[in-house]
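Right, one structure below, let's go through it.
The values are calculated or read from the model by the stated rules, or taken from the named source; none is laboratory data. All figures in this text were calculated on a predicted structure; none of them were measured in a lab. Using ideal geometry, Cβ is built from the backbone for each residue, glycine included, and neighbour counts are taken over all protein chains shown. Accessible surface is based on the protein model in full, side chains and every heavy atom, while ligands, DNA and RNA are left aside. Shrake-Rupley method; radii C 1.70, N 1.55, O 1.52, S 1.80 Å.
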Amino acid sequence: MSSTGFLSALAEDRVIAVVRAPEIPDAAALCDALRAGGIRWIEFTRTTPGLAAHLRRAVAGAEPGEAERVGAGTVMTGEQARELIDAGARYLVTPGCRPAVARVASEAGVPVVMGALTPTEVGTALDLDAAAVKIFPARAHGPRYFRDLAGPFPGVPLVASGGVNAENAADFLAAGAHAVCAGSEVVPPAVVAAGDWPEITRRARHFTAAVARPAEG
């Protein structure tokens with residue numbers, strides 16, 4: 001998927017579930033549970049052991065259009081990027097500016113959401129041709145920071161990650177975020193490890209309903 005196509009598709013949903021768990025009994029079933037709750041974008045992170053195998057299962061169990069929304073996060077090196085792209089990741093997410101990851105992804109035609117916090121880091125991420133810039137941790141400055149960044153970086157797609165929850169997600173989006181990341185509130189590690197898919201669906205529905213509500217103030 002091209003960067004333009006990636007951003008257009010992400011704008012339709014505006015929520016990425018970020019999965020960090022000690023184990024995942026069935027990655028495909030987890031994805032189905034999230035989709036049933038309205039979250040179609042899933043980022044599996046490298047903090048979960050055996051990530052490549054989980055990616056393969058998640059992509060193999062998805063319809064073509066949904067497979068495009070399965071990605072890998074916490075990618076730090078070019079070697080990791082190659083492994084995860086080979087395993088089926090359709091986009092990559094980094095916690096900071098990682099030139100080696102950007103090079104590998106560019107060669108493979110895979111979009112990268114590059115992590116940043118300061119304006120200097122946002123500029124570096126853009127220099128590395130990031131499809132979008134993940135502001136992490138978003139809790140550090142709150143939704144207002146996204147409005148501030150829009151001044152020097154108009155039109156840059158920013159993704160809010162870290163500290164985003166059902167209470168503030170709509171505020172981040174109203175402040176200009178292209179999308180938000182839903183973490184442990186939607187996919188608690190223990191619930192994922194237990195394979196409690198109905199609970200995951202319930203949490204996803206709660207989060208997406210909150211995103212649809214008007215922002216405060």
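Assorted remarks:
- The value for the range 62-118 of Rg(Cα) / (2.2 N^0.38 Å) is 1.07.
- Computed on the Cα atoms alone, the convex hull of the range 1-57 gives a volume of 88 cubic angstrom per residue.
- If you run the Gaussian network model on the chain, springs between alpha carbon atoms under 10 Å, then out of V192, V122, V104 the most flexible one is V104.
- Debye log10 I(q)/I(0) for the chain, one point scatterer per Cα, at q = 0.14, 0.19 Å⁻¹: -0.77, -1.46
- Selected from A28, A116, A177 as most flexible by GNM, with the chain as the system and alpha-carbon contacts under 10 Å: A28
- The residues of the chain expose on average 42 square angstrom of accessible surface per residue, using a 1.4 Å probe on protein heavy atoms.
- Which of A108, A190, A29, positive extreme of dipole for the chain (C-beta unit charges): A190
- Relative to the compact-globule estimate of 2.2 N^0.38 Å, the Cα radius of gyration of the range 90-146 comes out at 1.10.
- Tensor-based shape of the range 126-217 (alpha-carbon gyration tensor, a/c under 1.5 rounded, otherwise prolate or oblate): prolate
- Of interest is the spacing of the C-alpha centroids, which for the range 88-108 and the range 1-64 amounts to 16 Å.
- The range 1-113: C-alpha gyration tensor shape, a/c 1.5 cut-off, then a/b vs b/c: oblate
- For the chain, carbon and sulfur atoms together expose 51% of the accessible surface, with a 1.4 angstrom probe and every protein chain in place.
- Summed over qualifying helices (DSSP H, 4 residues or more, each -39500 (n - 2.57)) and divided by its residue number, the chain shows a 222 nm mean residue ellipticity of -12500 deg cm²/dmol.
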